[in-house]
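Chemist: Take this structure, written in structure tokens, and hold onto it; I'll ask about it next.
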Amino acid sequence: MRAIWKGAVSFGLVSIGVKLYSATEEKDIRFHQVHREDGGRIRYKRTCSVCGEEVTYDDIAKGYDIGGGEMVILTDEDFADLPLTSSRAIDVLEFVPAEQVDPILYNKAYFLEPEGTATKPYVLLRDALIDSERVAIVKVALRQREQLATLRVREGVLLLNTMLWPDEIRTPDFGFLDEDLKVRPPELAMASSLIDSMTGEFEPDVFTDDYRAALQEVIDAKVEGREVVQPEEAEEAPAAAVDLMAALKASVERAKAARGEQPAGGGGGEPTPISSARSAQKAAEKKAAKAPAKKTAAKKTAEKKAEPAKKTAARKTAPRKSA
């Protein structure tokens, strides 16, 4: 990894030199725009809408639209005069419980590595955060912008999570929030049962990006000049049920079946598509089990019938030999 920023964590009177690294990376497959006929790359020119001339990066400034066709132009010098006192520092403002920070505020994540002789104070701050079960609220200036952030510990490393400002979070304004909708207790109980039946431990490595894997297979097939093997079609989701309780019951049974559990109540209650399928399967298994039993019984009956016949034949043969 390559450091994208260097500075110091200001922790009271303690200064901890650190390097900043991106903690995440996108795995999306990227494409270039090309000419369909010959595969040539499509290039875009930066041209001025007023004079029509092509403009270099050195001649580009930032403009703020104030409306009415008027534009305020800001240069690098204007940005340099802004009061970014924390341009090379991560200032710790306070320590708060982690659960008090709404996850919607989190933006991007960065690893912090101690630099030079700052390893001991770095480890001290890390262990203190773990011991106190707190996260640090900090301010930091990245890419010419001051940002709010948190410092927490992940796998023995300090992790900086930049945050959105509170006024950047939109307020949900939807019509259904004003409707007086009541949920019946049985429906709530069944929904809770469904949640319980689907509860597990979150293991992120279990989940994969199937679309990206399929797309990569298409690309590899193109490169190697072979046909693309179509993946198996996923099972279509069942149609939405009109009866909410019936849908919840069927969902609970499906979740229990996926875990190998038997439905509660010994199969009582109204049959659902899932329970009906199970009943049919059990009936088929019983028929298959009874069929060999009938054949065995028939064999035994035939053998019993054959035994007296054999004895009678033997008796008839015996007097003849005596004569």
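The values are calculated or read from the model by the stated rules, or taken from the named source; none is laboratory data. Keep in mind it's a predicted model, so treat the numbers as computed, not measured. Cβ placement follows ideal geometry from the backbone for every residue including glycine, while neighbour counts extend to all protein chains displayed. For the accessible areas, the whole protein counts, side chains as well, though only heavy atoms, and no ligand, DNA or RNA atoms are used. Shrake-Rupley method; radii C 1.70, N 1.55, O 1.52, S 1.80 Å.
Chemist: Of the residues that make up the stretch 200-214, is at least one of a type outside the set (D, E, K, R) and in contact with a Pro (Cβ under 7 Å, 6 or more places away or on another chain)?
Modeler: For the stretch 200-214, residues of a type outside the set (D, E, K, R) and in contact with a Pro (Cβ under 7 Å, 6 or more places away or on another chain): present.
Chemist: Six or more apart or on different chains, Cβ under 6 Å: which pairs go from a residue in the stretch 35-56 that's hydrophobic (A, V, I, L, M, F, W, C) to one that's open to solvent by 100 Å² or more (accessible area, probe 1.4 Å) and in a loop (DSSP other than H, G, I, E, B)? Could you list them?
Modeler: Correct list of pairs: 42/33.
Chemist: Of the conditions (1) under 30 Å from residue 76 (Cα atoms); (2) polar (S, T, N, Q); (3) in contact with a Lys or Arg (Cβ under 8 Å, 6 or more places away or on another chain), residue 197 fails just one. Which one is it?
Modeler: Result: residue 197 passes all but (1).
Chemist: Under 8 Å between Cβ atoms, at least 6 apart or on separate chains: pull out the pairs that start in the stretch 245-258 with a residue that is without any contact (Cβ under 8 Å) to a residue 40 or more places away in the chain and end on any residue that is buried (at least 16 other Cβ atoms within 10 Å of the Cβ) and in a helix (DSSP H, G or I).
Modeler: 250/274; 253/274; 253/275; 254/274; 257/274; 257/278
Chemist: In addition: So which residues in the stretch 192-228 are open to solvent by less than 100 Å² (accessible area, probe 1.4 Å), farther than 24 Å from residue 253 by Cβ and not in a helix (DSSP H, G or I), if there are any at all?
Modeler: Within the stretch 192-228, 209, 225, 226, 228 meet the criteria.
Chemist: So, one more: Can you tell me which of (1) outside any helix (DSSP H, G or I); (2) of a type outside the set (Phe, Trp, Tyr); (3) over 29 Å from residue 106 (Cβ atoms) is the one residue 186 doesn't meet?
Modeler: (1)
Chemist: Considering (1) within 30 Å of residue 212 (Cα to Cα); (2) touching a residue at least 24 places away in the same chain (Cβ under 8 Å), say which one residue 11 fails and leave the rest.
Modeler: Answer for residue 11: the failing condition is (1).
Chemist: Restricting to the stretch 99-143, name every residue that is touching a Lys or Arg at 6+ places or on another chain (Cβ under 9 Å) and open to solvent by 40 Å² or more (accessible area, probe 1.4 Å).
Modeler: 111, 113, 115, 128, 134
Chemist: I've got another one for you. What single numbered condition from (1) touching a residue at least 40 places away in the same chain (Cβ under 8 Å); (2) surrounded by 10 or more Cβ atoms within 10 Å (Cβ to Cβ) fails to hold for residue 94?
Modeler: Single failed check for residue 94: (2).
Chemist: Taking the stretch 1-35 only, how many residues are over 18 Å from residue 116 (Cβ atoms), more than 35 Å from the chain's Cα centre (by Cα) and modelled with pLDDT under 90?
Modeler: Selection size over the stretch 1-35: 2.
Chemist: Still on this structure: Regarding residue 65, is this residue within 30 Å of residue 211 (Cβ to Cβ) and more than 36 Å from the chain's Cα centre (by Cα)?
Modeler: no
Chemist: Restricting the search to the stretch 169-189, which residues are under 25 Å from the mean Cα position of the chain (by Cα) and either polar (S, T, N, Q) or surrounded by 10 or more Cβ atoms within 10 Å (Cβ to Cβ) (or both)?
Modeler: 169, 171
Chemist: Which condition number does residue 136 fail, the rest of (1) without any contact (Cβ under 8 Å) to a residue 40 or more places away in the chain; (2) under 34 Å from the mean Cα position of the chain (by Cα) being met?
Modeler: Single failed check for residue 136: (1).
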